[in-house]
Amino acid sequence: SAAAPRPWRLFGAMCLLRLPRITQPLEKEEEEMAALMEQLELEKSHYSDHEIRKLEEEEQLQRRKESLYDEDEASGKTVIMAQDLEEKWEQKFLRFKAAPRITDADKSNDRTSLNRKLDSNLMLLVKQKIGNQELWLLPQVEWQPGETLRNTAERAMATFLGDHIQAKILGNAPYGIYKYKFPRAIRTEDNVGAKVFFFKAFLQSSDLSQAKLRADHLWVTKKELGDYLKSEYLKKVNRFLLD
Amino acid sequence: DALLGCHRSYRSRPTHGIGKFKYLLPKEVPKRKKEKVQMKEIDAGTEYQYGDINIQMTSYDLCLVEHFAQHVHRLCNRLSIRVNESYAMPTKTNEVLFLEERGSKMQLDAVLTTHQRVVQIRGLSSTFAPILLEIIQSNQPEGVHLLVKQHTEADFKSRLKSRPELEELLAQMS
């Protein structure tokens, strides 16, 4: 006999992660430890070639000042002194300017841009209409018979971000599941509730200019998820998020 | 007293050679240096297991790469994933020459060394692989490139040095 049709509707949802670009700042103990280890290593280390050369040239200079022995010898050898090289390197270093860790988007708290919070994971949240309500959710799309759940999730990503996104899904297995029953008014025999399967994908490139973003979208960190998601949904989603 | 009164087992005494045990152990055959043929497992077959996988980490900074390789190795130990080997590839040195063409042509040199460490893993189940990859990715330090690929014969051969004289003689013989 054929299996009874299941009364659950299946959805595939995609959790699109943008990996952090910078390391997180060190804690107080980590910083102290790092400073201590550096000092230890400095005290235990030997002189490098450059430092030996510098010391020798300083000695030569001193000898030249006190008495005029090495005039004929030294003038042939040292064209560029080690001290000059160091000064040149220092100047070059001062000219180099590192990119700021806290970008403009951080200061203005603009949650729609990808340039915020460069040291933590950012997730995509989209506003979707379910039943009567407009909710903030991870982008989800209903499962069609005949396709794998992973394809459903990819389709969900494609509907909200357009094609040609360089996102990588690592495995075929879902990361989490959230099931809920419809309110009694809509519940029928065939449609008891819905199950949402979550998949994870990693954004390879941060270039979203080609993507056509429909509807409202947000990029949020794990802590800010609580502002937007409902508590039950949030609990299940938090289970598979690393931070 | 105690210092003068010890009985040294001299050759004439019956207790000579009392502590010897090596004659009781089984004989060890001396190991010969042979090239080991690599073993491969089922790849995504019915058992959903990956074969040999290489995790290659490259960077300019030696300490960082070594510490990261150690970290990955220990992580695999804790997660009871079998680690076949964890080895280092030879370092490559690059000399960077700047040609400044303002007035006098100067050549500033910088010497960069690229280090590579490889951790070889076997028996990774395909349900666990994405989790492991995510953990390693999120723990990646700055300046370290990560590459995860399957182990091939070419990877194995790249570790061995070629002997040109042997090859010449073989070519002469055949």
Past 18 Å, Cα to Cα: identify those pairs from A:Lys44/A:Lys88; A:Lys129/A:Lys168; B:Lys92/B:Lys149; A:Lys179/A:Lys235; A:Lys181/A:Lys236; A:Lys54/B:Lys92, in the order given.
A:Lys44/A:Lys88; A:Lys129/A:Lys168; B:Lys92/B:Lys149; A:Lys54/B:Lys92
Across peptide A:13-25, what mean number of C-beta atoms from other chains lies inside 10 Å of a residue's C-beta?
1
Which of the peptides A:92-99, B:117-124 is most tightly packed, and how do the rest follow, going by the mean number of other Cβ atoms within 10 Å of each residue?
B:117-124, A:92-99
Sorted by average packing, counted as other Cβ atoms within 10 angstrom per residue and highest first, what order do A:30-39, A:47-56 take?
A:47-56, A:30-39
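Laboratory data are not the source of any read-out in this text; all were calculated from the coordinates shown. Model, not experiment: these values are computed from the prediction. Counting neighbours? That spans all protein chains shown, and the Cβs are built from the backbone with ideal geometry, glycine included.
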